[in-house]
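The values are calculated or read from the model by the stated rules, or taken from the named source; none is laboratory data. Here the structure is a predicted model, which is why all the values come from computation and not from measurement. All Cβ positions, even for glycine, are placed from backbone atoms using ideal geometry, and neighbour counts span all protein chains on display.
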Amino acid sequence: MFTNNCFKKCMVFLLIFYASYTHTASAHEGHSHEAVITIGKKTVVHLQTILSTYQEVYTHLINKDLHGIAGLARKLSDAARKAAQTEPEGAGRHMMQHVQAYAEDLKKARDIQGAQGALLAITDSLIPFFKAWPNQLKRNELKLYYCKKDEHAWLQPLNCSPACPYSADRAKVCTEIEEVK
C-alpha cells in the first residue's frame, strides 16, 4: 500500500511538472509576444547608445530634416550589431538584430516617409523590452507615446512635449497622443 501511494504521488508530480514544462518551453524566443526580453549588463552600454541616437533621429524627423540621418543610422546599426554580439542566443539578441536591420533601412531612406517607416520599425522592435521593464523608460529618461489615430508609438525624452515623428507634414499633426504606462 505504501508503494502504491508513493507511486501515485510521484506520477501526479511528474504529470504536473511535465504540463508546466511543455507550456513554458513551447514559446520560441524572439517570436512570441509574451516572451520577456532581457539583456545582459554588457549590452546596456550599447542600448544606451541606441537610445541616445534614436532620440537624435526622432528630433530630425520632428523637424522633417533628413540631413545627417544616414550617419545616425550607421551609429544605430553599429551599436545594435555590438549589442547582438554581446547577447547570448535569445530574445535580447533577436531584438538587437531587428534594430540593426531597421537601422540599415534607415540608412538607405531617401525621403522623410522612408525614414519614418524605419524609425517606426525600430520602435516596434524596442517596445517589448520597455513593456517588460517599464522602469527602464525612467532610467533612460524616456517616455513611450502612442498616437491613437495612426496607431503608432515612439520614444521621446521626458522633458519634451509629446510630438509624433510620423506625421506626413506639419499641417497634419497627430492630436490624439497618449502616454503608454
Odd one out for Cys174, checked against (1) under 19 Å from Ile69 (Cα atoms); (2) outside any helix (DSSP H, G or I): (1)
Test set (1) over 15 Å from Ser125 (Cβ atoms); (2) part of a helix (DSSP H, G or I); (3) under 18 Å from the mean Cα position of the chain (by Cα) - Pro88 fails condition number: (2)
Filter result for the condition that a residue is in contact with a helix residue (DSSP H, G or I) (Cβ under 9 Å, 6 or more places away or on another chain), under 24 Å from Tyr145 (Cβ atoms) and at pLDDT 95 or above, over Ala70, Ala84, Ala79: Ala79
Residue list for the stretch 123-179, filter: at pLDDT below 90 and within 14 Å of the chain's Cα centre (by Cα): none
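Matching residues to (1) assigned to a strand (DSSP E or B); (2) among the polar types (S, T, N, Q); (3) buried (at least 19 other Cβ atoms within 10 Å of the Cβ); (4) out of contact with any Phe, Trp or Tyr (no Cβ under 7 Å at 6 or more places or on another chain):
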{"position": "Met96", "(1), (2), (3), (4)": "no, no, yes, yes"}
{"position": "Tyr102", "(1), (2), (3), (4)": "no, no, yes, yes"}
{"position": "Lys107", "(1), (2), (3), (4)": "no, no, no, yes"}
{"position": "Gln116", "(1), (2), (3), (4)": "no, yes, yes, no"}
{"position": "Ile122", "(1), (2), (3), (4)": "no, no, yes, no"}
{"position": "Ile127", "(1), (2), (3), (4)": "no, no, no, yes"}
{"position": "Ala153", "(1), (2), (3), (4)": "yes, no, yes, no"}
{"position": "Pro162", "(1), (2), (3), (4)": "no, no, no, no"}
